[in-house]
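The values are calculated or read from the model by the stated rules, or taken from the named source; none is laboratory data. Bear in mind that the values here come from a model prediction, so they are computed numbers and not experimental data. Note that we place each Cβ from the backbone using ideal geometry, even for glycine, and neighbour counts take in every protein chain shown. These accessible areas exclude ligands, DNA and RNA; they are computed on the full protein's heavy atoms, side chains included. Shrake-Rupley method; radii C 1.70, N 1.55, O 1.52, S 1.80 Å.
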Amino acid sequence: MPIRPAVPAELPVLQDIERAAGRPFRALGMAAIADDEPPGLALLEQYRAVGRAWVTDDGTGRPVAYLLHDTVDGAAHIEQVSVHPDAARRGLGRALIEHLAERSLRAGLDALTLTTFAEVPWNAPYYERLGFRVLADGELTDGLREIRRTETGHGLDRWPRVCMRRGLR
């Protein structure tokens, strides 16, 4: 499926994808995550406006997966990657991550980073299969430490979380 930049009219669809992608967390006893509101339209527009919101669609033009990213301490940081459950297990998340990896390498960045839940099967174990590794506390950059502080402030540390990195060179 083609990967392309998100367009303004699709931002509410990205919110719908996020809500749907959150539902499976309920079965893991993580209702607060399942019920968490997606990024607001203004934030999604900020990512879109600077070319950091990517989608893949279902062949009809309607997005079914998306990725948001930043640059943190010289690495492309995956802020969010979500796939609608109806489109899961088709390699869409992997394709979005590989798209970001290729673009990041061409831009001179040397790694991808992200933060995620350590024990959720479609989180850290999935990213490990894609070549990411868990960072020890001593390996965290200042930017990753700040992201973790923000996540802690939002209550995400009720469940084990990790920072992960995948080298690009």
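Taking only the range 72-105 into account, find how many residues are in a helix (DSSP H, G or I) and hydrophobic (A, V, I, L, M, F, W, C).
If we filter the range 72-105 for residues that are in a helix (DSSP H, G or I), which is where we start, we get 85-87, 92-105.
In the following step, the residues that additionally are hydrophobic (A, V, I, L, M, F, W, C) were identified as 87, 92, 95-97, 100-101, 105.
Adding up the residues that qualify gives 8.
Just checking, how many residues over the range 51-75 are open to solvent by less than 30 Å² (accessible area, probe 1.4 Å) and under 11 Å from the mean Cα position of the chain (by Cα)?
Of all residues in the range 51-75, those open to solvent by less than 30 Å² (accessible area, probe 1.4 Å) come to 53-57, 63-69, 72, 75.
Restricting the remaining residues to those that are under 11 Å from the mean Cα position of the chain (by Cα) gives 53-54, 65-69.
Result for the range 51-75: 7.
From the residues in the range 106-155 that are in contact (Cβ under 8 Å) with a residue 40 or more places away in the chain and assigned to a helix (DSSP H, G or I), which one is nearest to Val81 (Cα to Cα)?
Across the range 106-155, the extreme among qualifying residues is Ala124.
Tell me the residue from Asp110, Asp142 that is farther than 18 Å from Gly22 by Cβ and either in contact with a helix residue (DSSP H, G or I) (Cβ under 9 Å, 6 or more places away or on another chain) or crowded, with 19+ Cβ neighbours inside 10 Å (or both), please. Break it down into steps so the answer makes sense when it comes.
On the way: Asp142 fails: either in contact with a helix residue (DSSP H, G or I) (Cβ under 9 Å, 6 or more places away or on another chain) or crowded, with 19+ Cβ neighbours inside 10 Å (or both).
Among Asp110, Asp142, only Asp110 is farther than 18 Å from Gly22 by Cβ and either in contact with a helix residue (DSSP H, G or I) (Cβ under 9 Å, 6 or more places away or on another chain) or crowded, with 19+ Cβ neighbours inside 10 Å (or both).
Tell me, yes or no, whether the range 93-101 has at least one residue that is modelled with pLDDT of 95 or more, closer than 25 Å to Asp57 by Cα, open to solvent by 70 Å² or more (accessible area, probe 1.4 Å) and not aliphatic (A, V, I, L, M).
The answer is yes, given that some residue of the range 93-101 is modelled with pLDDT of 95 or more, closer than 25 Å to Asp57 by Cα, open to solvent by 70 Å² or more (accessible area, probe 1.4 Å) and not aliphatic (A, V, I, L, M).
Check off (1) modelled with pLDDT of 95 or more; (2) open to solvent by 60 Å² or more (accessible area, probe 1.4 Å); (3) touching a helix residue (DSSP H, G or I) at 6+ places or on another chain (Cβ under 9 Å); (4) of a type in the set (D, E, K, R) for Asp16 and give me the number that stays unchecked.
(3)
Report yes if some residue within the range 43-51 is closer than 22 Å to Asp142 by Cβ, modelled with pLDDT of 95 or more and not in a helix (DSSP H, G or I); otherwise report no.
yes
Which pairs do you get when a residue that is within 19 Å of Gly93 (Cβ to Cβ), found in the range 34-63, comes within reach of a residue that is among the hydroxyl-bearing types (Ser, Thr, Tyr) and part of a strand (DSSP E or B), reach meaning Cβ atoms under 6 angstrom, with the pair 6+ apart or on two chains?
From residues that are within 19 Å of Gly93 (Cβ to Cβ), the pairs are Val55/Tyr66.
Condition test on Ala9, is it assigned to a helix (DSSP H, G or I), open to solvent by 60 Å² or more (accessible area, probe 1.4 Å) and over 20 Å from Leu112 (Cβ atoms)? First the steps, then the outcome.
Working: assigned to a helix (DSSP H, G or I): yes; open to solvent by 60 Å² or more (accessible area, probe 1.4 Å): yes; over 20 Å from Leu112 (Cβ atoms): yes.
Against the criterion (assigned to a helix (DSSP H, G or I), open to solvent by 60 Å² or more (accessible area, probe 1.4 Å) and over 20 Å from Leu112 (Cβ atoms)), Ala9 qualifies.
Could you run through the range 120-139 and say how many residues are under 25 Å from Ala21 (Cα atoms) and open to solvent by 80 Å² or more (accessible area, probe 1.4 Å)?
4
Exactly one condition in (1) open to solvent by less than 20 Å² (accessible area, probe 1.4 Å); (2) at pLDDT 95 or above is not met by Val83; state its number.
Failing condition for Val83: (1).
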